[in-house]
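In what follows, a single structure is set out as structure tokens and then discussed.
The values are calculated or read from the model by the stated rules, or taken from the named source; none is laboratory data. What you see is a predicted model, and the numbers here were worked out from it, not measured in a lab. Virtual Cβ from ideal backbone geometry, glycine too; neighbours counted across all protein chains shown. Accessible surface areas use protein heavy atoms only, side chains included; no ligands, DNA or RNA. Shrake-Rupley method; radii C 1.70, N 1.55, O 1.52, S 1.80 Å.
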Amino acid sequence: MQKPFELNSDPHTRLNILTGERVLVSPHRSKRPWQGQVEDVNQEQRPEYDAQCYLCPTNKRADGDVNPDYTESFVFVNDFSALLKDTPHADINEDELFIAESEKGICKVIAFSPRHDLTLPEMSVPAIKAVVDVWQDEFAALTKNEWIKYIQIFENKGAIMGCSNPHPHGQIWSQNHVPMELQKESVNQKKYFDKYGKTMLSAYIDAELKKSERIIEENDSFVALVPFWASWPYETMLISKRSVQNILAFTEKEKEDLAAILKLLTTRYDNLFNTSFPYSAGMHQSPVNSGDFPEWHWHMHFYPPLLRSATVKKFMVGYEMLANPQRDITPEFAAQQLRNCSTIHYKTV
């Protein structure tokens, strides 16, 4: 007689309800020995101010501009922008084989604080709230450009994630088309909204809170969890409890709660392996200047690469590149590991 299927031990696929894509989960592989790439542990002690850093106050940047002596966050147009505001229009299609279209936009950098040595989990909640205020202000200012259709707020943390400057900072890229990942999420959220009359993520967090298997943090305004369909080992999502389309709708209380849960989540990350935990994180929110999107529900993705320790990274290669993402440890195990971490940063203990 064949044994019954076990979600926590047998291979299976899970559907990402936001993108419509699947991830292969292989729990039985989590015990395999590791003889692959081992990363260096970054235990560098950075100074509060670095005279060579182009993001520190009063320093000269690569384009020759001098930073102000700022005391909170500092925002400027990226000196090496991937998108340019004055890109001429072009629409190319040769025999339905060679297809290209011009893309223009505005890319900004946000230095989170004047301190060269403080990442988000090491900042105070009021200091993080000041960053949230900047995110909201910049989103509002960029939206006034009617040609901008989407605004992506994100952070790459750590050299392993391609961060080119150790001074803690994030970015905002705005552009005249909606990017591919957002298009996929738009389609699936709209299907759900049209069918049920409420946002997909409002139903999802209600169901997750009842199960409580993958919840990491919760406050009055937000839930932090490992999504059921997570691809990266310790991938998480922040979801607003209120169904809002974008960051402009957040009240002062919600912004304070966002700052508080950001600090708790990123502190747990750092405490997981006693290292400054690398990740790429970013908000997903509705397009702008394109009408109303009642199906859209604000959320924030965290994609960290670390797998077994501070020195072992998850690689998306082979099957992942050619077929679909694959993971060994289950999302439920990852959530339990993160819940077990302290919310007091390991550097202060």
Give me the log10 of I(q) over I(0) for the stretch 197-349 at q = 0.17, 0.18 Å⁻¹, as the Debye formula computes it from C-alpha points; what are the numbers?
-1.03, -1.13
Computed FRET value (nearest 0.05) for residue 62 with residue 103, which takes r as the C-beta separation and R₀ as 22 Å:
0.45
Straight-line reach check, residue 241, cutoff 17 Å on alpha carbons, 8 or more apart in-chain or any other chain, hits among lysines -> 198, 210, 211, 253, 255
Please report the base-10 log of the normalised intensity I(q)/I(0) for the chain, using a Debye sum with one equal scatterer per alpha carbon and no solvent, at each q in 0.10, 0.13 (1/Å).
-0.66, -1.13
Can you give me the % of accessible surface on the chain that is carbon or sulfur? Probe 1.4 Å, all protein chains present, nothing else counted.
53 percent
Just name one of 196, 154, 64: the one whose Cα is farthest towards the positive end of the charge dipole of the chain (beta-carbon charges, Lys/Arg +1, Asp/Glu -1).
196
Karplus-derived 3J(HN,Hα), 6.51/-1.76/1.60, for each residue of the stretch 325-335, Hz, glycine and proline x
x, 9, 9, 9, 5, 7, x, 5, 5, 4, 4
Would the stretch 178-243 count as rounded, prolate or oblate if I go by the C-alpha gyration tensor, calling it rounded below 1.5 in a/c and otherwise prolate when a/b exceeds b/c, oblate otherwise?
oblate
In whole Hz, what ³J(HN,Hα) sequence does the stretch 151-160 give by Karplus (6.51, -1.76, 1.60; θ = phi - 60°), x for Gly and Pro?
10, 9, 9, 7, 9, 9, 10, x, 4, 5
Out of all DSSP beta bridges in the stretch 126-279, what portion is antiparallel? Express it as a percent rounded to 5.
100 percent
Out of residues 5 or more away from residue 169 or on other chains, whose amide H comes under 5 Å of its own, with H placed 1.01 Å from N in the peptide plane?
112
Residues in the stretch 230-251 near a label at residue 12, defined as backbone nitrogen under 18 Å from the 7 Å Cα→Cβ point?
230-232
Per residue, accessible area of the chain with a 1.4 Å probe, heavy atoms of protein chains only, in Å², comes to 49 Å²
Report the Cα centroid-to-centroid distance between the stretch 172-213 and the stretch 308-324 in angstrom, as an integer.
26 Å
Surrounding charge for residue 103, neighbours by C-beta under 14 angstrom, Lys/Arg +1, Asp/Glu -1, total 0
I'd like the antiparallel share, as a percent to the nearest 5, of DSSP beta bridges with both residues in the chain.
95 percent
Report the calculated FRET efficiency for residue 194 and residue 146 (r = Cβ-Cβ distance, R0 = 25 Å), to the nearest 0.05.
0.40
Within the chain, the cysteines whose Cβ lies no closer than 4.7 Å to any other cysteine Cβ are 107, 163, 341
With 0.36 nm assigned to each residue of separation and the Cα-Cα distance removed, residue 51 to residue 317 gains 91.9 nm
If I take R0 = 51 Å and measure r between the Cβ atoms of residue 336 and residue 165 in this structure, what FRET efficiency does the formula 1/(1 + (r/R0)^6) give, to the nearest 0.05?
0.90
Can you work out D for the stretch 165-275 in µm² s⁻¹ from Stokes-Einstein, where Rh is the Kirkwood radius over C-alpha pairs, the temperature is 20 °C and the viscosity is 1.002 mPa s?
134 µm²/s
Size of charge dipole - the chain - debye, nearest 20, with Cβ of Lys, Arg +1 and Asp, Glu -1, no other charges:
1240 debye
